[in-house]
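Derivation of every value follows stated rules applied to the coordinates shown; laboratory data play no part. Remember, it's a predicted structure, so these values are computed and weren't measured experimentally. Methodologically, a virtual Cβ is constructed for each residue, glycine included, from the backbone with ideal geometry; neighbour enumeration extends over all protein chains shown.
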Amino acid sequence: MSVLKRAALSEAEAQLFLFIQKHPGCSIADAVAALKISKSTLYRAFENLKKLELIAPANSSWKNNLVVKSLKKLIGKLENEQQKQKRLIGLLKGIESAERPSSFDATRGIEELNEEESVQRYLDLAGLGWHSVLSFGNWEDLNETYNLIPVEKQFVGTRLKKGGNAFVVVTCEGPKTREIVDFNAERDQHEDRKSVMVADDQKPFWITAFEGNDYVQMIERATTGRLKSTFIHSKPIADFYKRQIYKQLI
């Protein structure tokens, strides 16, 4: 019972689930008669359990011959909520750390993110407090297995709304790169961006740092072909990468 309630089932839902599990083939009327729960409450619990695909009638009669089904949908729902909570906690920690005094400028955290988390973190960073974004890497090859161009365009849209500018150094030119920069021509000017290309035989990766906070995200392609990233909150590391990118821009 306690496990089901911890999984966000109500008292009535948990009791009804366990009753049907112990009495396969029972009806909702049997549960109403056996459990000390009002009929209306049990019917609501019944509908919620059906939506979660935890119970189902064994035949066409919607409230008779009830049996317990798999917990897979409930587990999937909890896993999705866990991912959302993990991202939210990471952002809240970042906000909390950003408000600390300068004595906390030493390395404050490194987080390894999978593909979905990497993309979401990149978009989340677009909305945080900063005035310039600095990016460096092999965008062309990074996009071979995952199209990050719509993600980058969404990032740029958020940046422009916030009034932030961008400095971008790419190590490989190609059609995917031309989707996000045009080397200080009309689109770069319109999107308040300075971009350059430097000859550098780099693996597929993309480093992003910011003027205005101490965040760095390094997105790369794993051996599986999926994206992954390292997210760092550290003033020394952020300053190091910003210096390296500025050197390439000069």
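Brief remarks on what is shown
- Length added when fully stretched, Asp239-Ile110, from 0.36 nm per residue minus Cα-Cα: 44.9 nm
- Proximal lysine pairs, the range 101-250, alpha carbons under 16 Å, eight or more residues apart or interchain: 8
- The modelled label-to-label distance between Lys162 and Glu47, using points 7 Å beyond Cα along the C-beta direction, is 4.2 nm.
- Here the peptides 34-45, 162-173 are ranked by packing, the mean other Cβ count within 10 Å, and the order with the highest first is 162-173, 34-45.
- Tensor-based shape of the range 127-250 (alpha-carbon gyration tensor, a/c under 1.5 rounded, otherwise prolate or oblate): rounded
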